[in-house]
Amino acid sequence: MAEVIKVMLVDDHQVMIDGLASIFENNNNYEVVGKFNAANLALLKINDNKPHVILMDINMPVMNGLEATKIVKEKYDDIKVLILSMNNDFDSISTAATIGADGYILKNAGIEEITKAVQKIYEGGTYYGAEVSSALLKGIRIQQYADGNQPIVPKKTATEIIEALTDKERLVLKYICNDYKMSEIADIMKRSEFTIVTHKRNIFKKLEVSSIGSLIRLCYDLGVLDLISEE
């Protein structure tokens, strides 16, 4: 008979605790060994409750979930931590990965994904949800293209950027941000490479950037590509 997986729930919203508890308490494969609205209180009870997996929120008073996760991973080799948060930003996800979180999913995840994530990290794997993985890779890519450490201050909103570009320029912009070379874009759009380079030059001028790195960071920061994809 498979071992019952002991889970501890840590979230400052009681409705979230109740919802998660109902998932695991109605499944014989799991046992809820602790419910806490504060990470610091959960840490005090780990030795008593002996969880296999902790489901940890990030934004909590007194101590946030990332701070608590770091402590758990430093003190307990055998306890797994699954971050369950609304935060889908690169800083939160990369920090969680760096401090050793075994998984990270968003709070909009369904029951099947939540239990799948718990099972996988309990078995020694890692689980980062699709949206989370996408945000992480996007952030890494932006960093790779970054021009130094100076932040880019947008001079236009995403809508203003879209309105400033022609249809062809929007398409070229989308391909550039998806790492296509000028020659590849020319082949796809059935235009000369000179024409594509001209479009790129016009895009740089209209968006007031001087490099592809700055262009990509600006577009991802403002969500410009999301507006283009909707057209």
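Compute the length gained on full extension between residue 14 and residue 201: take 0.36 nm times their separation in residues and subtract their Cα-Cα distance, giving the result in nm to one decimal.
62.0 nm is the gain from fully extending residue 14 to residue 201.
Give a residue-ordered list of calculated ³J(HN,Hα) values for segment 191-202 (Karplus: 6.51 cos²θ - 1.76 cosθ + 1.60, θ = phi - 60°; whole Hz; x for Gly, Pro).
Ordered by residue, 3J(HN,Hα) equals 10, 6, 5, 4, 5, 5, 5, 5, 4, 4, 4, 5 Hz.
How far is it, in nm, from the label point at residue 192 to the one at residue 119 when both lie 7 Å from their Cα along the line to the Cβ?
Taking the two extended label points, one gets 5.9 nm.
How do 52, 199 line up, fewest other C-beta atoms within 10 Å first?
52, 199
Please report Rg (one decimal) and Dmax (integer) in Å for the Cα set of segment 148-229.
12.1, 37
Residue by residue through segment 180-185, what is 3J(HN,Hα) from phi via Karplus (6.51 cos²θ - 1.76 cosθ + 1.60, θ = phi - 60°)? Round to whole Hz and write x for glycine and proline.
With the stated coefficients, segment 180-185 comes to 7, 7, 4, 5, 5, 5 Hz.
Sequence neighbours fewer than 8 away in the same chain don't count; with that in mind, list the lysines whose C-alpha is under 26 Å from residue 45.
Excluding near neighbours in sequence, the set is 6, 35, 70, 73, 75, 80, 107, 116, 120.
Evaluate the distance, in nm, between pseudo-label points positioned 7 Å from the Cα of residue 133 and of residue 208 along their respective Cα→Cβ axes.
Taking the two extended label points, one gets 3.9 nm.
If neighbour count is taken as other Cβ atoms inside 10 Å, put 182, 56 in order from fewest to most.
182, 56
Which value, to two decimals, describes the C-alpha radius of gyration of the chain once divided by 2.2 N^0.38 Å?
Normalised Rg, Cα atoms only: 1.29.
Give, rounded to the nearest 20 debye, the magnitude of the charge dipole that the chain has about its Cα centre when Lys and Arg contribute +1 at Cβ and Asp and Glu contribute -1 at Cβ. Display every interim value, and only then the final one.
Details: 26 positive and 33 negative charges, 160 e Å.
Dipole about the Cα centre, nearest 20: 760 debye.
Neighbour counts of other C-beta atoms within 10 Å: give me 219, 177 arranged from fewest to most.
177, 219
Throughout, read-outs are computed from the coordinates displayed, never taken from laboratory work. In this text, all values refer to a predicted model and were calculated from it rather than measured experimentally. A quick note on method: Cβ atoms are made from the backbone with ideal geometry, for glycine too, and the neighbour counts reach across all protein chains shown.
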